[in-house]
1. If you place +1 on the Cβ of every Lys and Arg, -1 on the Cβ of every Asp and Glu, and leave all else neutral, what size is the dipole of the chain about its Cα centre, to the nearest 20 Debye?
2. Rounded if a/c is under 1.5, else prolate if a/b beats b/c, else oblate: with a ≥ b ≥ c from the C-alpha gyration tensor eigenvalues square-rooted, which is the range 5-112?
3. Any idea what the relative contact order of the chain is, in percent, if you count C-alpha pairs under 8 Å spaced at least 6 apart?
4. Round to a whole angstrom and tell me the spacing of the C-alpha centers of the range 5-66 and the range 148-172.
5. Normalised by the empirical 2.2 N^0.38 Å for globular proteins, what value does the Cα Rg of the range 62-127 take?
6. Can you run the Rg to Rh ratio on the range 91-173? Use alpha carbon positions and the Kirkwood inverse-distance Rh.
7. Let a ≥ b ≥ c be the square roots of the eigenvalues of the Cα gyration tensor of the chain; is it rounded (a/c under 1.5), or, if not, prolate (a/b larger than b/c) or oblate?
8. What is the distance, in nm, between label points placed 7 Å from the Cα along the Cα-to-Cβ direction at Val36 and at Arg111?
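Bear in mind these aren't lab numbers, they're just calculated from the coordinates by the rules spelled out. These figures come from a predicted structure and were not determined experimentally. Don't worry about glycine lacking a Cβ; one is built from the backbone with ideal geometry, like all the others, and counts go over all protein chains shown.
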Amino acid sequence: MTRDYPYEWCWMTTQERGTPHARALQDANPGLAIHVSAVLAGATPEDAHHAWRNCDRNIRAWWRENRDRVSAGSMVFAEYDVLCNVDTRTVLPRLPLGVGICGPHRVSRIRDRRRFWPFADIPRLPLPMRPLAIAIAPLAVLIISRAALDLILRPELDEVFAADIFCELRLPTVIRWAGLQVASMDLQNVHVTRMTVDDCPSGIYHPVKS
């Protein structure tokens, strides 16, 4: 598995939601190693909202438990409602040297602060990280290098990930603070407007609910 693929894939989901689009990914990428991270959904609406805000914790926890099972130099993390019905090698880039994380839209504090509300969480970041604040939106499809994943496991970051900080801000900022670059990739159909399977020819799409 993963022959000719520079990454492995991990579905990020809950036990209740499952992986509704797994077959499409497998059919289009028979040589790709695929993993699943399925956590329990929040017991209350408040718990679910808190888990949604802090879903990057699941990436960190999954990597801590599974890094020795991964042979590739990077990982693709995809939310359960991502539909990929194309050979990923034709649409997802290889991470350039020095890039730690790549997502659909790189959001700048200087250019986008007024329109991107999660920047309101900057004061919740540790003081040394605040000048480096940056975001990726949405976190639906991410490529993260092995080096970046190892860096976010540092014990001194436990407090940062225990704090309630919106994931789209915290994860890219931490990786940038650790000395790696944050990049974007051309995924025009990965956004927040709901779609159906019938809306999706060959490509990568989010969110696809049915």
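1. Numbers: 25 positive and 23 negative charges, 133 e Å.
In total the dipole reaches around 640 debye.
2. On the way: a/c = 1.56, a/b = 1.18, b/c = 1.33.
The shape class here is oblate.
3. Values: 379 pairs, mean separation 53.1, N = 210.
This gives 25 percent for the chain.
4. Result: 17 Å between the Cα centres.
5. Values: Rg = 15.9 Å, N = 66, 2.2 N^0.38 = 10.8 Å.
Relative to the 2.2 N^0.38 Å estimate, the range 62-127 comes out at 1.47.
6. Details: Rg = 12.8 Å, Rh = 13.5 Å.
Here the Rg-to-Rh quotient is 0.95.
7. On the way: a/c = 1.43, a/b = 1.31, b/c = 1.09.
Rounded, because the longest to shortest axis ratio a/c is under 1.5.
8. Modelled inter-label distance: 3.8 nm.
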